Amino acid sequence: MITDPAIRSQLRPHSWNQSQITDCSHLVVLLSKRTISGADADQLVAATAACRGLEASALAGYRQMIQVDLIDGPRSAVIEDWAARQVYIALGNLLTSAALLGVDTCPIEGFSPADYDRILALEGSDYRSCVVCACGHRSADDKYANLAKVRYPATDLISHL
């Protein structure tokens, strides 16, 4: 959550100068992991076990699957893409939850991740900027608020097999 107006002002030029970056009440930058390690798998297993009242050993098969698939397996070569898709699942939940609360959102891919990473001091960290989401209540003078939303018909998007 970026709350500092000075940081938002630095980010705006690296976001195609989109006004939402500085105008929204809540600016969320969703990050993805650059790599997945055994320690990450252990942390997830420990959190899952604690949440479900289990011994971590009860999740040994799950832990092994993570190791074989994401850490050592073929997907380890594209782990940043996999991690980004996990972030987009979280983004979908953010958008839906905000809508249910009556909060407007604007997911933003029009930004320079490298510049965001530099400004947010993420270079050399385990994380990178993945997607941005401006959240808040739209301005009464928003010129786009009353325009018809452009959506493809469901018949163009969904096929039934």
task = Please go through segment 26-42 and pick out each residue that is within 20 Å of the chain's Cα centre (by Cα) and exposed (fewer than 15 other Cβ atoms within 10 Å of the Cβ).
result = HIS26, ARG34, THR35, SER37
query = If we keep just the residues of segment 1-34 that are in contact with a Gly (Cβ under 7 Å, 6 or more places away or on another chain) and among the small types (Gly, Ala, Ser), which is nearest to PHE111 (Cα to Cα)?
reply = SER15
request  = Give the residue that is farthest from LEU27 (Cα to Cα), with candidates limited to residues of segment 87-109 that are of a type outside the set (A, V, I, L, M) and surrounded by 13 or more Cβ atoms within 10 Å (Cβ to Cβ).
outcome  = TYR88
request  = Within segment 109-143, work out how many residues are closer than 20 Å to GLY92 by Cβ and either touching a strand residue (DSSP E or B) at 6+ places or on another chain (Cβ under 7 Å) or among the polar types (S, T, N, Q) (or both).
outcome  = 13
ask   = Of everything in segment 112-156 that's over 16 Å from ILE2 (Cα atoms) and among the β-branched types (Val, Ile, Thr), which residue is surrounded by the fewest Cβ atoms within 10 Å (Cβ to Cβ)?
value = VAL150
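Yes or no, residue by residue, for (1) more than 21 Å from ARG34 (Cα to Cα); (2) among the aromatic types (Phe, Trp, Tyr); (3) modelled with pLDDT of 95 or more; (4) in contact with a helix residue (DSSP H, G or I) (Cβ under 6 Å, 6 or more places away or on another chain):
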{"position": "LEU94", "(1), (2), (3), (4)": "yes, no, yes, no"}
{"position": "LEU101", "(1), (2), (3), (4)": "yes, no, yes, no"}
{"position": "SER125", "(1), (2), (3), (4)": "no, no, yes, no"}
{"position": "SER129", "(1), (2), (3), (4)": "no, no, yes, yes"}
{"position": "LYS143", "(1), (2), (3), (4)": "yes, no, no, no"}
{"position": "LYS149", "(1), (2), (3), (4)": "yes, no, no, no"}
{"position": "TYR152", "(1), (2), (3), (4)": "yes, yes, yes, no"}
query = How about segment 4-25: which of its residues are in contact (Cβ under 8 Å) with a residue 12 or more places away in the chain, surrounded by fewer than 14 Cβ atoms within 10 Å (Cβ to Cβ) and not in a helix (DSSP H, G or I)?
reply = TRP16, SER25
inquiry  = Quick check on my filter: what residues within segment 30-40 are in contact with a Phe, Trp or Tyr (Cβ under 9 Å, 6 or more places away or on another chain) and in contact (Cβ under 8 Å) with a residue 60 or more places away in the chain?
reply    = LEU30, LEU31, SER32, LYS33, ARG34
remark   = Given (1) farther than 23 Å from SER32 by Cβ; (2) modelled with pLDDT of 95 or more, PRO107 misses just (1)
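The values are calculated or read from the model by the stated rules, or taken from the named source; none is laboratory data. Predicted model only: the values in this text are computed from it and were never measured. A quick note on method: Cβ atoms are made from the backbone with ideal geometry, for glycine too, and the neighbour counts reach across all protein chains shown.
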